[in-house]
Amino acid sequence: MKRTSWRNTAFSRAPVVRIYNEYPDQITQPVTIALVTDLHSTRYGRRQEVLVHALRKYNPDLILLAGDIVDDQVPLVGTREFLEGIRTLPSTRCFYVTGNHEQRTGRLDAIKKRFTSHGVTVLSGETRTVNIRGQLLEIGGVDDPTVFTPNRFVRRIPRQWERQLAHCRAGLSGERYSILLTHRPELTRYYRESGFDLVVAGHAHGGQVRIPGLGRGLLAPHQGLFPRYAGGRYRLGRVTMIVSRGLCLNRLPRIFNPPELVMIHLLPD
């Protein structure tokens, strides 16, 4: 497919920053987390300076990349500039899982190697322990389900994805605050029993069109009309799920739905 020039535009307007505060029992030291999803190689200013400045302002301890940072139809320059930019942030750990558009590129291994070469930890069915100034957290991550099937429209969740999630759960201690990084928000029946305290996701782009007064998006992939999990904070039993509306400006128009950078503050109760 021909790549049109407007997709290389560097947008100068900063995304909306949406803040969520969580007060888990396991947290004794404050931790700030940036959730970045669905960039799709969108460029925010020259060399991503607008987006990197927004991140620097909040000085996150962790950056969680919940998939579709790369796009299969947009030049990689926006992603490369973003990865170079976040390396300049002080004392920030970064974790990444794949989305469906990374899978569509057909270059998934090369993409993962690129992220790793920039100091990003790529999670593919594993859980890691992170020490933030003495505060221990457990971060798990699963690939997008399309990684395990040639069909972009997954009708049945592949067994390999279920095994990845089970492997993540097996890596939990049961004592530390735990976060699951995933691309898809709609797989709630899995997340509800995942054993994690917090699930973070993207993919739905806020429903693309937000309807004033309704508080719901219009349409989201794999959820259809009026998606339930398009963006926001949701309770899934004992699990909290936070879904970002994402940062993409390269595809369908966003109406009443500005791009979004999510900041999550884990605070002592």
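If I ask for residues that are in contact with a strand residue (DSSP E or B) (Cβ under 7 Å, 6 or more places away or on another chain) and part of a loop (DSSP other than H, G, I, E, B), which ones from segment 249-258 would you list?
The initial filter retains those residues of segment 249-258 that are in contact with a strand residue (DSSP E or B) (Cβ under 7 Å, 6 or more places away or on another chain), namely 249, 255-258.
Matches in segment 249-258: Leu249, Phe256, Asn257, Pro258.
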Identify the single condition in (1) surrounded by fewer than 20 Cβ atoms within 10 Å (Cβ to Cβ); (2) touching a strand residue (DSSP E or B) at 6+ places or on another chain (Cβ under 7 Å) that Ser91 does not satisfy, given that it satisfies every other one.
(2)
Kindly list the number of the only condition in (1) open to solvent by 10 Å² or more (accessible area, probe 1.4 Å); (2) in contact with an Asp or Glu (Cβ under 7 Å, 6 or more places away or on another chain); (3) within 29 Å of Thr42 (Cα to Cα); (4) not small (Gly, Ala, Ser) that fails for Pro253.
(2)
State which residue is farthest from Ser194 (Cα to Cα) when the search covers only segment 228-248 and only residues that are assigned to a loop (DSSP other than H, G, I, E, B) and under 16 Å from the mean Cα position of the chain (by Cα).
Cys248
Qualifying positions in segment 194-220 - open to solvent by 40 Å² or more (accessible area, probe 1.4 Å) and either in contact (Cβ under 8 Å) with a residue 40 or more places away in the chain or of a type in the set (A, V, I, L, M, F, W, C) (or both)
Asp197, Ile211, Pro212, Leu214, Leu218, Leu219
I'm trying to understand the selection: among the residues of segment 58-88, which are open to solvent by less than 10 Å² (accessible area, probe 1.4 Å), more than 13 Å from Lys112 (Cα to Cα), not hydrophobic (A, V, I, L, M, F, W, C) and not in a helix (DSSP H, G or I)?
Pro60, Asp71
Selection within segment 44-57 - assigned to a helix (DSSP H, G or I), on the phi < 0 side of the Ramachandran plot and not acidic (Asp, Glu)
Arg46, Val50, Leu51, Val52, His53, Ala54, Leu55, Arg56, Lys57
Any hit, segment 21-28, residues being out of contact with any Gly (no Cβ under 7 Å at 6 or more places or on another chain), assigned to a strand (DSSP E or B), closer than 14 Å to Ile264 by Cβ and in contact (Cβ under 8 Å) with a residue 40 or more places away in the chain:
yes
Pick from segment 114-173 the residues that are hydroxyl-bearing (Ser, Thr, Tyr) and closer than 22 Å to Ser194 by Cα: which of them is surrounded by the fewest Cβ atoms within 10 Å (Cβ to Cβ)?
Ser173
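The values are calculated or read from the model by the stated rules, or taken from the named source; none is laboratory data. Being a predicted model, the structure only gives us computed values, none of them experimental. Virtual Cβ from ideal backbone geometry, glycine too; neighbours counted across all protein chains shown. Each accessible area value is taken on the protein alone, full model and side chains, heavy atoms only, with ligands, DNA and RNA left out. Shrake-Rupley method; radii C 1.70, N 1.55, O 1.52, S 1.80 Å.
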